[in-house]
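Trainee: Before I ask anything, here is the structure I am working with.
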Amino acid sequence: MRQNKLLRASSFRLALLYAGLLTASVLVLFGVTYWFATDYAAQDETNEIGVELASIQDEARSQGADRLPAIIDNHLRLRRDVRAVYLLQDPAGHKIIGNIDALTPFVGPTILNSVLDGQMLLVRAYGTRLANGDYLIVGQDTATLRQMKALIVRAFSVGFVVTVLMAILGSVIVSTTVLKRVDAVNRTARAIMGGDFSQRVPVRGTDDEFDELAASMNAMLDRIEDLMRSMRQVSNDIAHDLRTPLTRLRQRLEYAKRRVYSVEELHDVLGHSISQVDSILETFGALLRIAQIEAGGREEKNAAIDISKLLLAIVDDFAPAAEDHGQRLVAEIEPQLRAQGDPELLTQLVVNLVENAIRHSPSGARISVQARASGEGIELAVCDTGPGIPLQERENVLRPFYRLEASRTTEGNGLGLSLVAAIAKRHHAKLSFGDNAPGLRVAVLFPVAA
């Protein structure tokens, strides 16, 4: 089964394709090498024959034509080791001297099958007609060329077999390695589909493309696990925090059903019930906005925003509400601060922080909206002189529906800071809580690229 899986693997087929291309390249290299080497050796033999023929003719001219048989005999003795071929015939075709039998005269280069020393040999020869009518052939056994051809064929045959074996072995090794990495991904995926969300794709530390893929998948799985955990938490929070108002609403309506009310009393009951329904709908709306922001389901509206102008407008809008609570809302904003972001979401972020500060600060408190530029980006902050948030509770208040004991009697649904955290995360901003001494300082640092 493992073998069948290997044969079906795309990596194995690709590796075999690469092996086939490599084999074809070896064959092309063999053909080119064989052609050039044999052509060079044949040309070298032809040149050597030409030099020998010219040497014999020069000696004959210098010593006299009648000395030609003696000259050929001398060359026969000197070049016996290279199996040279010589033949001198008279005009009638009778052999005068030589080490092969008389032949039908030909002029120019040719390949002969001749008996030399009792052996049939393949001879490269050149024939020429002399001035006195005699016919001269000078040649050489092609054994050296044949041996070289055989050596090239043997060398490339061995190399070809080794190349094919190595290519197949390499295909198997590469495919097996790839299959192991893919199997690790498949095992992780099956474990996660089985409900074990803690599983992650193993990273080998080789920093190759598989490690990059594993890191990306693990980051995706971390994000999915966070979303699943958040969904479970929100579901639990909804079940816990909305059960009470829904139960009260049902009891009120059940009680009204059993009792006879006057028109005024009935209007009062219905009005109170509608207020509770509106509060529940507001809670669901806030949850929906948080879910859309965290899941990326909300349409992006990134634009260049004049932060200074946006914050000043919010301070002007909420200053009367702060005065109604006996508080003072002030702006400490540097001019001409600009950033990239979603204007609607950034407005919602600041409004939530300002509303929280007004709601949870006592009469006489000072609330300031601050903005300044720094080397890290643009920092927005809402500071108050209220009771603040204990250090150990600052992470908890970002959870949906979480409320401090001191704030349970005030209006709200415990989703304001959760929405702020979601918007900050969407803009890659850093949300932090600090001590305003006294009171709370909530800061949001938007990076330069935001």
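Trainee: If you scan the range 110-134, which residues turn out to be surrounded by 15 or more Cβ atoms within 10 Å (Cβ to Cβ) and more than 17 Å from ALA65 (Cβ to Cβ)?
Mentor: Correct list: LEU112, SER114, LEU116, LEU121, VAL123, ARG124, ALA125, TYR126, GLY127.
Trainee: Would you call SER273 of a type in the set (Gly, Ala, Ser), assigned to a helix (DSSP H, G or I) and modelled with pLDDT under 75?
Mentor: Spelling it out, it is not the case that SER273 is of a type in the set (Gly, Ala, Ser), assigned to a helix (DSSP H, G or I) and modelled with pLDDT under 75.
Trainee: What residue, among those in the range 170-181 that are within 19 Å of the chain's Cα centre (by Cα) and surrounded by fewer than 16 Cβ atoms within 10 Å (Cβ to Cβ), is farthest from VAL203 (Cα to Cα)?
Mentor: Within the range 170-181, the match that is farthest from VAL203 (Cα to Cα) is THR177.
One line per residue, one yes/no per condition, for (1) over 30 Å from VAL182 (Cα atoms); (2) at pLDDT below 85:
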| site | (1), (2) |
| --- | --- |
| ARG13 | no, yes |
| LEU22 | no, yes |
| VAL28 | yes, no |
| VAL32 | yes, no |
| VAL51 | yes, no |
| ILE56 | yes, no |
| ARG67 | yes, no |
| LEU78 | yes, yes |
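Trainee: Tally the residues that are among the hydrophobic types (A, V, I, L, M, F, W, C), closer than 30 Å to GLY118 by Cβ and part of a helix (DSSP H, G or I), restricting the search to the range 132-185.
Mentor: The qualifying residues number 7.
Every residue, every condition in (1) of a type in the set (A, V, I, L, M, F, W, C); (2) in contact with a helix residue (DSSP H, G or I) (Cβ under 7 Å, 6 or more places away or on another chain), yes or no:
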position	(1), (2)
GLY326	no, no
VAL330	yes, no
ALA339	yes, yes
GLN348	no, yes
VAL351	yes, yes
SER361	no, no
SER368	no, no
GLY377	no, no
GLN392	no, no
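Trainee: Something else: Does any residue in the range 304-333 that is closer than 24 Å to SER363 by Cα come within less than 7 Å, Cβ to Cβ, of a residue that is of a type in the set (Asp, Glu) six or more places away or on a different chain, and which pairs are these?
Mentor: Here the result reads none, with nothing in the range 304-333 linked to a residue that is of a type in the set (Asp, Glu).
Every residue, every condition in (1) hydroxyl-bearing (Ser, Thr, Tyr); (2) under 22 Å from GLY93 (Cβ atoms), yes or no:
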position	(1), (2)
GLY127	no, yes
TYR135	yes, yes
THR142	yes, no
MET148	no, no
ARG154	no, no
GLY159	no, no
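Trainee: Just a yes or no: is a residue in the range 359-369 closer than 27 Å to HIS428 by Cα and touching a residue at least 40 places away in the same chain (Cβ under 8 Å)?
Mentor: Yes, the conditions are met somewhere in the range 359-369.
Trainee: May I pose another question? Suppose the filter is among the polar types (S, T, N, Q), surrounded by 16 or more Cβ atoms within 10 Å (Cβ to Cβ) and more than 36 Å from the chain's Cα centre (by Cα); does THR163 pass it?
Mentor: So THR163 does not fit the description; no.
Trainee: Filter the range 138-154 for residues that are in contact with a helix residue (DSSP H, G or I) (Cβ under 9 Å, 6 or more places away or on another chain) and aliphatic (A, V, I, L, M); which is surrounded by the fewest Cβ atoms within 10 Å (Cβ to Cβ)?
Mentor: VAL153
Trainee: Another question about this same structure. Which pairs turn up if I take residues in the range 203-229 that are assigned to a helix (DSSP H, G or I) and modelled with pLDDT of 80 or more and look for partners that are among the polar types (S, T, N, Q) and surrounded by 11 or more Cβ atoms within 10 Å (Cβ to Cβ) with beta carbon separation below 6 Å, at least 6 apart in sequence or on another chain?
Mentor: none
Trainee: Looking at the range 31-53, which of its residues are of a type outside the set (Asp, Glu) and closer than 18 Å to GLY98 by Cβ?
Mentor: ILE49, LEU53
The values are calculated or read from the model by the stated rules, or taken from the named source; none is laboratory data. For clarity, every value in this text was computed on a predicted model and none was experimentally measured. Ideal geometry is used to build each Cβ from the backbone, glycine not excepted, and the neighbour counts take in all protein chains shown.
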